[in-house]
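In what follows, a single structure is set out as structure tokens and then discussed.
The values are calculated or read from the model by the stated rules, or taken from the named source; none is laboratory data. The structure displayed is predicted, hence computed values, not measured ones. Using ideal geometry, Cβ is built from the backbone for each residue, glycine included, and neighbour counts are taken over all protein chains shown.
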Amino acid sequence: MSAPDQWPLWEVFVRSRNGLSHKHFGSLHAPDADMALKNARDVYTRRSEGTSIWVVQSSNIVASAPDAKEVLFTPSDDKVYRHPTFYQIPDEVGHM
Amino acid sequence: MKWDTCDPSEQYLLHLGDDALVLGHRLSEWCGHGPILEEDIALSNLALDLVGLARQYYQLAAKRIGAGTTEDQLAYWRGERDFKNHVLVEQPNGDFADTMARQFLFDAFHLLQLEAIEQSNDAELAAIARKALKETTYHAQHSAEWIVRMGDGTDESHRRISSALLRIWPFTGEFFLPAEVDRLAAARGLGPDVQSLREPWLELVREVIAKAQLSLPVMPQKLLRGKSGIHSESLGFLLAEMQSLPRAYPDAQW
């Protein structure tokens, strides 16, 4: 086991209620996955915030580069037709 | 004020509450001093769980003792001899390995004790045990995980947890040495015959110790009588600190 300052960083995702998706809550250090889950329970769910926890080692997350923002995201700015707002939802469908 | 009660159920509640309060206080001493932030929070959580459990036992004891007795009086106005906790739980924190060794050996006992009390014929007591079992199961997992990581970790962590286990081991015999309070509780079906918990406890402990590449300490047990109010020198200092505020300011309000 390595020293605490060499422990990997983990990202913590918590599902607050059944039916909701897991949401990023924060990060923490832990020597391995089991301890990361336990630490996440103690650090992020002690005020009964959760019903389920995911942890993933931060180094396993592939992130988009900040300077790729324009290339990735601005092309969709002027394509309003991609929003599904151009047709009527029948009343029987109810809330979508 | 004299708090000695001769009612077995009240005595038993005080014994159980004292274990939880004294160990909870010990763990609270780690607050702000944990080896890492995450573990600091975990230790404070354990402390809060145990202090919360102590409150439930004391509230029930206070209700049964009657005459206006309160949980705070039971926590802050009883002297060292009135405390009926195991001598193990009052032992100083030492380093993180010492604290985890103490916690691991107690958690395994505490689990078995609560499982037995869940079957108590005292319904109010059984309800407290049922609720406490969930958090105690977590405590036991948490401390066992650390025993494994320290035992099966680096040379230094292995050395530290080995010597911590050797230091605390002689205090575990008291768990299974029936005192008056245990005998009365068992006779009335309030709690277990503590001797019957020894084998299942050894089994729980042995499994984790083996997984941690450690060996079970082989050494004589101390003959301790904390459950009869005879404590080590550590308890007096602990109580002096824990009780100082209400004793200096008896009218203090939260």
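Of everything in region A:18-41, what is in contact with a strand residue (DSSP E or B) (Cβ under 8 Å, 6 or more places away or on another chain) and closer than 18 Å to residue B:138 by Cα? Give them in sequence order.
Once the filter is applied, which keeps residues that are in contact with a strand residue (DSSP E or B) (Cβ under 8 Å, 6 or more places away or on another chain) and closer than 18 Å to residue B:138 by Cα, region A:18-41 yields A:30, A:33, A:36, A:37, A:39, A:40, A:41.
What helices (runs of 4 or more DSSP H) completely inside region B:116-194 contain at least 2 residues that are touching a helix residue (DSSP H, G or I) at 6+ places or on another chain (Cβ under 7 Å) and within 14 Å of another protein chain (Cβ to nearest Cβ)?
The qualifying helices (runs of 4 or more DSSP H) are B:123-151, B:155-168.
Against the definition (crowded, with 21+ Cβ neighbours inside 10 Å and more than 14 Å from chain A (Cβ to nearest Cβ)), how does residue B:7 come out, yes or no?
Answer is no for this residue.
Quick one: which residue in B:105, B:60, B:88 is over 25 Å from residue B:127 (Cα atoms), out of contact with any strand residue (DSSP E or B) (no Cβ under 6 Å at 6 or more places or on another chain), at pLDDT 95 or above and assigned to a helix (DSSP H, G or I)?
B:88
Could you pull out the residue among B:116, B:47, B:97, B:42 that is under 14 Å from the mean Cα position of the chain (by Cα) and surrounded by 16 or more Cβ atoms within 10 Å (Cβ to Cβ)?
The match here is B:47.
Among (1) in contact (Cβ under 8 Å) with a residue 40 or more places away in the chain; (2) surrounded by fewer than 24 Cβ atoms within 10 Å (Cβ to Cβ); (3) under 13 Å from residue B:17 (Cα atoms); (4) not hydrophobic (A, V, I, L, M, F, W, C), where does residue B:57 come up short?
Unmet condition: (2).
When you go through (1) at pLDDT below 95; (2) aliphatic (A, V, I, L, M); (3) more than 30 Å from residue B:193 (Cβ to Cβ) one by one for residue B:97, which number turns out not to apply?
(1)
Go through (1) without any contact (Cβ under 8 Å) to a residue 24 or more places away in the chain; (2) under 19 Å from residue B:136 (Cα atoms) and name the single condition residue B:37 misses.
If we test residue B:37 against (1) without any contact (Cβ under 8 Å) to a residue 24 or more places away in the chain; (2) under 19 Å from residue B:136 (Cα atoms), just (2) comes out false.
Could you tell me how many of the residues in region B:204-229 are in a loop (DSSP other than H, G, I, E, B) and of a type in the set (Lys, Arg)?
So the answer is 1.
Go through (1) among the acidic types (Asp, Glu); (2) touching a residue at least 24 places away in the same chain (Cβ under 8 Å); (3) surrounded by fewer than 20 Cβ atoms within 10 Å (Cβ to Cβ) for residue B:193 and report which single condition fails.
With respect to (1) among the acidic types (Asp, Glu); (2) touching a residue at least 24 places away in the same chain (Cβ under 8 Å); (3) surrounded by fewer than 20 Cβ atoms within 10 Å (Cβ to Cβ), residue B:193 is out only on (2).
Condition check ((1) within 14 Å of chain B (Cβ to nearest Cβ); (2) not in a strand (DSSP E or B); (3) not charged (D, E, K, R)) across all residues:
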residue: A:12; (1), (2), (3): yes, no, yes
residue: A:24; (1), (2), (3): no, no, yes
residue: A:34; (1), (2), (3): yes, yes, no
residue: A:39; (1), (2), (3): yes, yes, yes
residue: A:46; (1), (2), (3): yes, yes, no
residue: A:54; (1), (2), (3): no, no, yes
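Does region B:230-254 hold any residues that are surrounded by fewer than 19 Cβ atoms within 10 Å (Cβ to Cβ), under 21 Å from the mean Cα position of the chain (by Cα) and part of a loop (DSSP other than H, G, I, E, B), and which are they?
B:232, the sole residue that qualifies.
Every residue in region B:236-249 that is under 16 Å from residue B:94 (Cβ atoms) and touching a residue at least 12 places away in the same chain (Cβ under 8 Å), please. Break it down into steps so the answer makes sense when it comes.
Of the residues in region B:236-249, the ones under 16 Å from residue B:94 (Cβ atoms) are B:237-238.
The answer is B:238, and nothing else.
Here is a check on your reading of the model: is residue A:58 in contact with a Leu (Cβ under 7 Å, 6 or more places away or on another chain), small (Gly, Ala, Ser) and more than 13 Å from every other protein chain (Cβ to nearest Cβ)?
yes
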